[in-house]
Amino acid sequence: MKSIYKDLTRTLKGKLELNANMAIHTGLGAGGNADLLIIPHEINDLSTTLKVVKNIPITILGGGQNVLVRDGGIRGLTVLTTGLSGLEIQGNLVTAMAGQNVMQMAQKLAEAGIAGFEFLSGIPGSLGGAIRGNAGAHEANLTGIGGLVESVDIMDYEGSIRTLIAAEMGFRYRKSNLPENHIIVSAKMRGKPGNPDEIRAKMAEMRQFRLEKQPQGVKTCGSLFKNPEGHSAGKLIDDAGWRGREINGAKMSEKHANFLINTGTASAKDLENLAMEVQADVLKKFGIMLELELKIIGEHL
C-alpha cells in the first residue's frame, strides 16, 4: 500500500492518506481506519488512481453520511467523492458533480428560481450517495431524487466513463440499479421554474419540521431503517419500546425513534449491535423485518 501511495502522490491534486481515521469522515463518528483513502478533487484524480490501483479491494463511500465503518476498518482503497464538487445551471437543467453537498445545492437552486429540489435541503450528504440510494423526503419521499434525474455519468474501476439515462437506473424507494462496481461522477437533473421567495419559504417550513421532529447537533446517520411498505419504521421501533434507549453510548433518539445516535462513547460494534437488536425485536413483536438504510462496511476487530 505504501508503494501505491508514493506513486499517487506524484500526480494527485486531491487528498491522499494512509491509515485514515474514518470516524471523522462518517456521520456516526465511530469505526476503524481505511488502509488508503483518496478524496479526489477532479475526475482525473479518480481515473488516475483507478488505473494505478490493481488487485486490491475498492470501497466507494460517497459523502460517508449514512455509512458505519466497523472497528476493524476498511482494507484496500477507500474513495470519498466529497472533493468532486461543482454545479452548473442552464435554464432548468442542472449538472452537478457527485461530491456536491445536496443541502447546499438545494439552496443555490432556490436562489436561481429552480423548484423541485426543496426536499434535499434537509438531507445531509453528497449527490452521488443521494442518487445511488434514491434519497427522498416530504413530497418526494417515495419518488426520491430519481424523479429529477435525466442521466448519470459513471466511472468503472478501469477509469472509463459512460452515461446512463434515467430509464436504465431503475429508481424505486431508496434504491436504484446503478452497478456496484462503478462510481457516480456527475448527474444531469431537471427542475421547473419557480419563484425564489416561494421556494425559500417552502424550504423554511421543511427546516422547521426537521427541528421539531428530528434530532439535531448529534452524531447520527439519519434514518436507520427504510420504511416498510404500509408502515413507518419509526413507529414500529417506538411501539417496540426502543425510543430513547441507550446501550454503551449507542442510542435510539428520543425525538425520532428511527434515528441511531452515537452519544460520544459508542464503538462501531456498539452501534451495529443496537441496530441489530432493534431489528430483531421489531421482527419478533410485529413480524416485520426492517431493512437498513444505513450502510455497514468494513472488518470486525
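Where a number appears in this text, it was derived from the coordinates with a stated rule and is not lab data. Note that the structure is a prediction, hence the values are computed from the model and not measured. Glycine gets a Cβ as well: all are built from the backbone with ideal geometry, and neighbour counts include every protein chain shown.
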* Return the calculated 222 nm mean residue ellipticity for the chain, to the nearest 500 deg cm²/dmol, obtained by summing -39500 (n - 2.57) across DSSP H runs with n ≥ 4 and dividing by the residue count. => -8000 deg cm²/dmol
* Of the listed peptides 126-137, 150-161, 110-121, what is their order by residue-averaged count of other C-beta atoms within 10 Å, with the highest listed first? -> 126-137, 110-121, 150-161
* Structure fact -> Of the convex hull enclosing the alpha-carbon atoms of the stretch 6-114, the direction-averaged projected area in nm² is 7.6
* So, how do all the Cα-to-Cα distances of the stretch 136-238 break down into 10 Å bins, in percent, from 0 on up? -> 12, 32, 33, 22, 2
* Asked: Of Gly264, Ala233, Ile288, whose Cα points farthest to the positive end of the dipole of the stretch 217-294 (charges on the beta-carbon: +1 Lys, Arg; -1 Asp, Glu; origin at the Cα centre)?
  -> Gly264
* Using 0.36 nm per residue, how much length does the chain from Lys108 to Met289 gain when fully extended, once their Cα-Cα distance is taken away? -> 61.3 nm
* Long-range amide H contacts for Val185: which residues qualify at under 5 Å (H placed 1.01 Å from N, peptide plane, sequence gap of 5 or more or a different chain)? -> Asp153, Ile154, Met155
* Gain on full stretching of the segment that runs from Lys51 to Leu93 - 0.36 nm per residue minus C-alpha separation -> 11.9 nm
* Asked: Which whole-Hz ³J(HN,Hα) couplings does the stretch 233-245 yield from phi under the Karplus relation 6.51 cos²θ - 1.76 cosθ + 1.60, θ = phi - 60°, glycine and proline marked x?
  -> 4, x, 5, 4, 5, 5, 5, 7, x, 9, 4, x, 6
* Gap in Å between the Cα centre of the stretch 187-241 and the Cα centre of the stretch 1-44? -> 31
* To do: Using the Cα centre as the reference, give the magnitude of the dipole from point charges on the C-beta atoms of the chain (Lys, Arg: +1; Asp, Glu: -1; all else neutral), rounded to the nearest 20 debye.
  => 220
* Residues Arg207 and Asn44, FRET efficiency given R0 of 35 Å [Cβ-Cβ distance, rounded to 0.05] -> 0.40
* Structure fact -> For Glu150, other-chain or 5+-apart residues with amide H closer than 5 Å (H placed, Pro excluded) are Lys188, Met189, Arg190
* Structure fact -> Note on the chain: contact order normalised by length, alpha-carbon pairs under 8 Å, 6 or more apart, percent, works out to 18
* What ranking do 163-173, 272-282 get when scored by the average of other Cβ atoms within 10 Å per residue, highest first? -> 272-282, 163-173
* To do: Starting from one equal scatterer on each C-alpha and no solvent at all, send me the Debye-based log10 I(q)/I(0) for the stretch 192-275 at q = 0.24 Å⁻¹, two decimals.
  => -1.11
* Asked: Tell me, what is the percent relative contact order of the stretch 111-240, built from C-alpha pairs under 8 Å that lie six or more residues apart?
  -> 28
